[in-house]
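Below: the structure, in structure tokens.
The values are calculated or read from the model by the stated rules, or taken from the named source; none is laboratory data. What you see is a predicted model; the values in this text were computed from it and never measured. As a convention, Cβ positions derive from the backbone with ideal geometry for all residues, glycine included, and neighbour counts pool all protein chains shown. The accessibility values were calculated without ligands, DNA or RNA, using every heavy atom of the protein model including side chains. Shrake-Rupley method; radii C 1.70, N 1.55, O 1.52, S 1.80 Å.
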Amino acid sequence: MPTPNRAGQGLDGEGRPPEPASDAPAPGAPKQRRPLKSLLGWGVTAVVIVALVAAAVVLLLDQRSARERDDRRQAYVDTARQTVLNLTTIHPETAKEDVDRIIAGASGQFLQEFEGREDPFVGVVQDANVTTEGEVVEAGVRERERDVDLGECARGSADDGEQQGTAGPLTARLPDAGDDQRRRRQVDRIEGGVRPMSENNEGTRKFAITKETALKIAAAVVVVALAVAVGFLWYGHRQDQLAEQARTEAVDAAGKQAVAMLAYDFADVDNQLAAAADGLTGSFRDDYTTLVQETIAPGAKEKQLTVQVSVQAAAPVSTTPDEAVVLLYLNQTTTSAEAPDARTSGSRVRVSLQKVDDRWLVDQLTPV
């Protein structure tokens, strides 16, 4: 039986303090298995990480596609602007160079129609001493299933990445993996700093991080970082969706509202144009109502005018989730008591719209 010393510690039979009990398992003892709850936790963590990575990849590809689409649209517009300027800006002194510039920016059927006729065209310009200066007032892209209409005078083909003019589709690059590499380096540093539990001379344990705790911390950091990245990418994806939705809705609203404002029958002109005013913003609605009451309606009744309007083409010039500018190409067919035979004329109008209470309202309509 150990004999107590003065400090109250037990002594063995030889007068030495007993050795502390060891926490290590006895030789040959079965190894402890990891609890099922811990395995399930790591499994759920792995599934979450894989899901977040997959979502991030999908959103990155979507953003890349959206950037390529926007760059392609801008390339179409830039090419169309330059082509229209080349077509409408000609001087007698530089007629040959001007025509060569037109041919250099042409393709397809347009190029075939122009080739072989450049010399007669140059001769006509020089003989008549004609000078023209072109100016692009507005430009927009009207997208169809396989074609893209650019501005007023140019057309491009989107088949296999080809387009009218010399500009090709631009591409956007995926963000690099620098952030992921930094995160991996941080995780490596955490794991490298793990050290086993140790005891000091008094038998008390030092504060240290176990390997399992470090892995949990690293997994939590990765999950949080991926969640933040996915949230950021989702926000950008949603903004792209709203922008595309605004393009479609604004173009549709502009066409319908322009027809409602400009088409009428003298027999019911007051009711028709009054209904059209419901699709306008406050100040513009007041101006339009005054114009209808003082000028349009009295003139239509006096001359028995009937005006039919159809939208031939529509292209968004600029759009945001709340504002848009749309370029419309209209055909107007007019009959009257003096001219019962239908007379058709074309026009272009720029329509400015604002989104108010989930409705696209016309804020301005300007001929161009």
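Points worth noting:
- Relative contact order (%) - region 216-316, alpha-carbon pairs under 8 angstrom, separation at least six: 33 percent
- Gyration tensor (alpha-carbon) shape descriptor, region 289-363, a/c threshold 1.5: oblate
- T210-A51 FRET efficiency (beta carbon distance; Förster radius 35 Å; 0.05 resolution): 0.80
- Descending by average beta-carbon neighbour count within 10 Å, the peptides 314-325, 251-262, 348-359 line up as 251-262, 314-325, 348-359, the highest first.
- Summing +1 for each Lys or Arg and -1 for each Asp or Glu among the other residues whose beta-carbon sits under 11 angstrom from that of D278 gives +2.
- Close amide-amide hydrogen proximity is noted between L280 and V362, each under 5 Å apart and 5 or more residues distant or on a separate chain (H modeled in the peptide plane; Pro and chain starts excluded).
- Considering region 254-310, its Cα convex hull presents a mean projected area of 3.5 nm².
- Using a Förster distance of 51 Å, the FRET efficiency for E113-D358 (Cβ separation, nearest 0.05): 0.65
- Here the dipole of region 34-140 is about 1500 debye; that uses its Cα centre as origin and unit charges on the Cβ of Lys and Arg (positive) and Asp and Glu (negative).
- Convex hull per residue volume in Å³, alpha carbons only, for region 41-125: 94 Å³
- Listed peptides 127-133, 219-225 appear in the order 219-225, 127-133 once ranked by packing, highest mean of other Cβ atoms within 10 Å at the front.
- Annotation: amide H-H contacts under 5 Å for T89 (H modelled 1.01 Å from N, sequence separation of 5 or more, or interchain): G134.
- Distant alpha-carbon pairs in region 327-368 (separation over 17 angstrom), percent: 51 percent
- Under-5 Å amide H pairs with T94, H placed in peptide plane, nonlocal only: none
- Here the Karplus relation 6.51 cos²θ - 1.76 cosθ + 1.60, evaluated at θ = phi - 60°, turns the backbone of region 270-277 into coupling constants of 4, 5, 5, 6, 5, 5, 5, 5 Hz, with x for every Gly and Pro.
- Normalised by 2.2 N^0.38 Å, where N is the number of residues, the alpha-carbon radius of gyration of region 227-368 equals 1.27.
- Vicinal HN-Hα couplings computed from phi for region 298-315 (Karplus, 6.51 cos²θ - 1.76 cosθ + 1.60; Hz; Gly/Pro x): x, x, 5, 5, 5, 9, 6, 7, 10, 10, 10, 10, 10, 8, 8, 7, 9, 9
- Solvent accessible area, Å² - K211, 1.4 Å probe, full protein context: 140 Å²
- The fraction of all Cα pairs in region 217-308 landing in successive 5 Å bins from 0 to the largest distance is 2, 12, 15, 14, 9, 7, 6, 6, 5, 5, 5, 5, 3, 3, 2, 1, 0, given as whole percents.
- Highest mean packing first, where packing is the average number of other Cβ atoms within 10 Å per residue, the peptides 288-299, 68-79, 41-52 line up as 68-79, 288-299, 41-52.
- Taking each residue as 0.36 nm, the span from L61 to V137 lengthens on full extension beyond its C-alpha to C-alpha distance by 23.8 nm.
- Estimated vicinal HN-Hα couplings, Hz - region 345-358 in sequence order (Karplus 6.51, -1.76, 1.60; Gly, Pro = x): 9, x, 8, 10, 9, 9, 10, 9, 10, 10, 8, 10, 6, 6
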